[in-house]
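Taken together, the values in this text are just the output of simple stated rules run on the coordinates, not laboratory data. As the structure is a computational prediction, the values presented were derived from the model and not from experiment. Glycine also receives a Cβ, built like all others from the backbone with ideal geometry; neighbour counts cover every protein chain displayed.
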Amino acid sequence: MSDTYAVFGNPIVQSKSPVIHRQFCEQTGEDMTYTKQLVAEGDFNIAANAFFKDGGHGLNITAPFKQDAFAYATSLTERAQRAGAVNLLTRQVDGSVTGDTTDGVGMINDMLNLGWELSGKRVLVLGAGGAVRGVLEPLLGQNPVELCIANRTASKAEELARDFHDLGSVAGSSLEALAGKQFDVVINGTSASLHGSLPPLPDDLLAPNAACYDMMYAANPTIFMDWATEHGATKVADGLGMLVGQAAESFYAWRHIRPEVVPVITQLRRKMSDAKNK
Ligand code: ATR
């Protein structure tokens, strides 16, 4: 019987993870099944217990269960501990379940695949929620000269900066305090894009040849991507590559084979575009 994997979330119908993992299997010849499962809020532990009791090998976890998965894991990787969230649960031979997070490394790998430089750059992250917490450790691992976290609620950005200050030069601020500052790389980690809105940003925020990344993705450029293009960014990307990147890291953790991400991103992008034009 094939090894079994799944993604848990609520809602889950939108999840592209089964399609992504199917393509990884086609590439690598790995024999596994990967399904998506809607889990009722409050039922995470029951659903995870049932999955692993039935012989399930590993789970990806999406909203709103990343904190539940963090609490569920028998042990956590250091990066998951830092992130305070888990998107990957793996059953070990002794029956214990390890929790890990691959979102941050997925985003960094996407940026590196796109040919973006982070080392020595002034990097700004917008937002201070769970999504941002998950990318700070790998971002600081790229040795930016400066990492600024700016958030509508400044105290949350300052708290995040305190939690990560041992890993590099990181500061928290309000959005208003961005006035007069410039950055080479700007990452939108707010959930504002989801609602079609944008945090208020100074017109001269972007340094020449800036790169802008939205952790969200959609068939059309997000409102933040449009803002970036209008304000002079020469490199602009959404988070589709981050999605595929976190899946690739999960696949690697489970199967010990690194799949190719670029053909998968290209195919997903084409499908999204076809669906939009229908
Ligand atoms: P996620 O898990 O996606 O990170 P979250 O933890 O709820 O979600 O965090 C959402 C982030 O988006 C927060 O930083 C939030 O700012 P506040 O901390 O001030 O709430 C930010 N955010 C959401 N909507 C926003 C908006 N319209 N303008 C600016 N920031 C916004």
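Odds and ends about this structure:
- Estimated dipole of the range 104-238 in Debye, rounded to 20 [Cβ of Lys and Arg +1, of Asp and Glu -1, Cα centre]: 120
- Taking label positions 7 Å along the Cα-Cβ direction at both Ser174 and Asn277, the computed distance is 4.7 nm, reported to one decimal.
- In a simple Cβ point-charge model (Lys, Arg +1; Asp, Glu -1; nothing else charged), the chain has a dipole of about 440 debye relative to its Cα centre.
- Peptides 106-114, 194-202 ordered by average Cβ neighbours within 10 Å, highest first: 106-114, 194-202
- Theoretical FRET efficiency, 1/(1+(r/R0)^6), r = Cβ-Cβ of Met1 and Arg258, R0 30 Å, to 0.05: 0.75
- Listed values for the range 61-69 are Karplus-derived 3J(HN,Hα) couplings in whole Hz (6.51 cos²θ - 1.76 cosθ + 1.60, θ = phi - 60°), namely 10, 10, 4, x, 10, 5, 6, 4, 5, and x replaces Gly and Pro.
- Projecting label points 7 angstrom from Cα along Cα→Cβ for Asp204 and Gln14 puts them 3.7 nm apart.
- Where only C-alpha atoms are counted, convex hull volume of the chain per residue in Å³: 132
- Cβ-derived FRET efficiency at R0 25 Å, Arg22 paired with Gln92, nearest 0.05: 0.50
- Counting only lysines at least 8 places from Lys66 when in the same chain, those with an alpha carbon closer than 29 Å to its own are Lys16, Lys36, Lys53, Lys156, Lys271.
- Using the rule -39500 (n - 2.57) for each DSSP H run of four or more residues, divided by the residues of the chain, the 222 nm mean residue ellipticity is -11500 deg cm²/dmol.
- Scanning the chain for DSSP H helices at least 18 Å long along the axis (C-alpha atoms) with a Kyte-Doolittle mean no lower than 0.0 picks out 240-255.
- Max mean-square fluctuation residue, GNM over the chain, Cα-Cα springs under 10 Å, options Gly239, Gly172, Gly29: Gly29
- If you sort the three axes of the alpha carbon gyration tensor as a ≥ b ≥ c, you get a/c under 1.5 for the range 104-238, which makes it rounded.
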